[in-house]
Amino acid sequence: MNFKIENKFLDITNYPSIERHLEKMASKGWLINKIIQGNIFIYKKISPERLEFSITPYEIETLFTKKSREELEEFNSVCESVGWNYATKSYDLHVYFKKQGAEAMDIQTDEEEEFRTLEFIGKKHIRSYYVLIPFLLFFSWLGLGSLFTSISALKNGLIQIIVPLLPAGIILLIIHLFNIKRFLKINRKNIELGKSLEFSDSKFYITRTIFAITSIILFLGIIHFLYVAIFLKNKFMLIGLIPTLIGIIGATIYRIYIKPAKMKLKHKKIGFIVILVASTVLSIVLFVGVILNIAIRDDNKHSQNIDSYKVLSINDFISDTLEEEGEIIELASILIPKSYDYYSYSRGFGSIRTEYSKALTEEIASNLVDRYRSQAENKLIRRNSRRLELYFEEGIFDDYLLRSGLTKEDLSNLEGKELKEAIKAANNMINEKSIVEDIENLWNLDEVYFLNIEKDEIVIRNGKEVFYLEGLDFSDKEIIKIIKDKLNLYKK
């Protein structure tokens, strides 16, 4: 092979040790060709040669400034003019080499000036970490919370793959933050005392391991995304990319045209804000526009072939065949390898919704049932809390509360409580009356729960299979028979 890939680590705290490593690799016939993210070292095959390497810090860009191509070429020309050949760069660190023994001037001749550059680069990283760490902590809290509670987290493999990356990213940033702050503190004192700069000789095993695991997980995430978007034809996965793509395009425009421009700082800040606002607005407009366009097109087409799917169609419950609209949306995950949603709609009848999932184990399937119950509880709380507040504060009894299973007598017994307690107790009463088990065993399956008082929402588990159904009276014995026959819902 003409190329070799290695998992290493390079930043401002350890580049002298990387110089020695690159020299060893060259003596084995491998010359560094590219460094990606400071961790992936790509070498090209050469004849074994004794080379000397010099890695030098040269600040390339900040939030509002960036060295132009001409400035970078000029810097490289200066280094080459004193005997060094350019190899590659990693962020603000430039890698040069020369034959061992060849005459060349040191690129860095003043340690105090070198430290000022390192300090500038280090403080830039520290500021970015102070922003990124809280950002990742917040999304880790949201993501990990949803991982253990939400339905989508069980059914969507992308969530299961991406969420574990967030804590790993936090750990990496904290390690980098600690190392850079420690490096700057030690060497600030060394410069004051007239001593030489001190660099780390650590192998950074933890950092490299986390980065390797993160890279593998990220690669699996990309594969999963492409599988769902292309092979399962889930267009909504691709739609979700719209904000990201527009953000990347906006950032690229800012980085290429505004950052290097010879203009005042305040004008660059204005350009940054304009691109940020424009990207946000454009993302929202395009995202909503694409969704609406899909909805309009779906309204004008017949349902796709659903014979191979375990879903309900309006035509399953009527003698005459109606024109039906609907589309299968498929997902896949590690814990639930197969799942899909189907929304059957006809203007002459109404709608029926089917969500099907087949889990790896019955325990996972049972957990999914619990999540559907929890979702139903939250939906009822959101739906009724405002009405309950109006009753307890103004005495307005909404007939909707009566249809939810509450009576004025039920609520009058709660009037002596504090408002929040009374609302919570009333919601608990609604949930107890609405989300009930199939105690009459109408369905004769492993787990069956009606999810509202009208019994037109239900979650069913039959072994590893879970069905969420909406839109019919699921306590009606005739409807139950039709559904069990159509979906093959009999105990195995």
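Here are a few things to note about the model shown:
- Filter pass, residue 189 being exposed (fewer than 12 other Cβ atoms within 10 Å of the Cβ) and among the charged types (D, E, K, R): yes
- Annotation: residue 462 fulfils all but one of (1) in contact (Cβ under 8 Å) with a residue 40 or more places away in the chain; (2) more than 17 Å from residue 313 (Cα to Cα); the unmet one is (1).
- Residues of the range 169-183 that turn out to be surrounded by fewer than 17 Cβ atoms within 10 Å (Cβ to Cβ) and among the aliphatic types (A, V, I, L, M), as a count: 3
- When residues of the range 465-492 are limited to those that are of a type in the set (A, V, I, L, M) and part of a loop (DSSP other than H, G, I, E, B), the one surrounded by the most Cβ atoms within 10 Å (Cβ to Cβ): 472
- Only residues that are farther than 17 Å from residue 464 by Cβ and touching a strand residue (DSSP E or B) at 6+ places or on another chain (Cβ under 8 Å) were counted across the range 318-350, and they come to 15.
- One residue from 339, 351, 344 being part of a strand (DSSP E or B), surrounded by fewer than 18 Cβ atoms within 10 Å (Cβ to Cβ) and in contact (Cβ under 8 Å) with a residue 24 or more places away in the chain: 351
- Qualifying residue in the range 387-404 (condition: touching a residue at least 60 places away in the same chain (Cβ under 8 Å), buried (at least 21 other Cβ atoms within 10 Å of the Cβ), in contact with a Ser or Thr (Cβ under 9 Å, 6 or more places away or on another chain) and of a type outside the set (Gly, Ala, Ser)): no
- Residue match in the range 423-437 (condition: surrounded by fewer than 18 Cβ atoms within 10 Å (Cβ to Cβ) and farther than 16 Å from residue 404 by Cα): yes
- Qualifying residue in the range 160-181 (condition: modelled with pLDDT under 90, outside the structural domain of residue 79 (by TED's automatic domain parsing) and either more than 27 Å from the chain's Cα centre (by Cα) or of a type in the set (Phe, Trp, Tyr) (or both)): no
- Any hit, the range 410-426, residues being assigned by TED's automatic domain parsing to the domain that holds residue 387, of a type in the set (S, T, N, Q) and under 30 Å from residue 363 (Cβ atoms): no
- Residue within the range 201-211 that is in contact with a Ser or Thr (Cβ under 7 Å, 6 or more places away or on another chain) and over 29 Å from residue 278 (Cα atoms) present: yes
- The condition of being under 18 Å from residue 199 (Cβ atoms) and within 27 Å of the chain's Cα centre (by Cα) does not hold for residue 22.
- Residue in the range 438-464 that is surrounded by the fewest Cβ atoms within 10 Å (Cβ to Cβ), counting only those that are polar (S, T, N, Q) and outside any strand (DSSP E or B): 441
The values are calculated or read from the model by the stated rules, or taken from the named source; none is laboratory data. On a predicted model such as this, the values are computed, not experimentally measured, just so you know. Because the Cβ atoms are built from the backbone with ideal geometry, glycine has one as well, and the counts that use them run over all protein chains shown.
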